[in-house]
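One structure is given below, encoded as structure tokens.
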Amino acid sequence: MPRIAHWVWFPFGVTIRFIARNGKRIGISIAGFVLLIVGLAMLVLPGPGLLLIIAGFAILATEYVWAQRALNFAKQKAAQAKNKVLGKKQEDEPKASDPTNGRGPVG
């Protein structure tokens with residue numbers, strides 16, 4: 001193969017190897033972002049917009065830390081809203097430095 005033909009095909013080979021090695025991550029990214037975009041559109045159109053947004057973040061959270069943080073934030077807000085609707089008081093979590101672990105006085 002002439003030297004010029006090798007340089008013409010070189011970027012194509014690099015691209016193919018990149019897609020082959022990162023195919024799972026690319027597929028998860030595409031599926032997650034499609035669900036996010038469709039969910040955002042369904043916030044103004046008829047359909048389950050919030051469910052698709054949460055599903056998109058759940059899919060993206062398998063590969064990206066920022067999506068996992070956003071999903072955890074959404075879960076905390078959903079739990080707070082549920083507790084507010086049901087009339088439950090928000091329970092404070094015991095601190096690690098508390099030797100009684102939130103149980104009251106020892107003894």
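The values are calculated or read from the model by the stated rules, or taken from the named source; none is laboratory data. Computed from a predicted structure; not experimentally measured. All Cβ positions, glycine included, derive from the backbone under ideal geometry; neighbour counts span all protein chains shown.
Pairs please, first residue from region 72-88 and over 16 Å from Leu51 (Cα atoms), second anywhere and not charged (D, E, K, R), Cβ atoms under 9 Å, 6+ apart in sequence or on different chains.
So the pair list comes out as Gln80/Gln90; Asn83/Gln90; Lys84/Gln90.
Give region 41-63 a look and list any residue that's touching a residue at least 12 places away in the same chain (Cβ under 8 Å) and within 27 Å of Ile19 (Cβ to Cβ), or say none. Lay out the reasoning, then the answer.
Start the filter on region 41-63 by keeping residues that are touching a residue at least 12 places away in the same chain (Cβ under 8 Å), which leaves 51-60, 62-63.
Of everything in region 41-63, those that are touching a residue at least 12 places away in the same chain (Cβ under 8 Å) and within 27 Å of Ile19 (Cβ to Cβ) turn out to be Leu52, Ala55, Gly56, Phe57, Ala58, Ile59, Leu60, Thr62, Glu63.
Exactly one condition in (1) in contact with a Phe, Trp or Tyr (Cβ under 9 Å, 6 or more places away or on another chain); (2) at pLDDT 90 or above; (3) assigned to a loop (DSSP other than H, G, I, E, B) is not met by Thr62; state its number.
With respect to (1) in contact with a Phe, Trp or Tyr (Cβ under 9 Å, 6 or more places away or on another chain); (2) at pLDDT 90 or above; (3) assigned to a loop (DSSP other than H, G, I, E, B), Thr62 is out only on (1).
Are any residues in region 64-77 within 8 Å of the chain's Cα centre (by Cα) and surrounded by 15 or more Cβ atoms within 10 Å (Cβ to Cβ), and if so, which ones?
The initial filter retains those residues of region 64-77 that are within 8 Å of the chain's Cα centre (by Cα), namely 64-71.
Passing the criteria: Tyr64, Ala67, Gln68, Ala70, Leu71.
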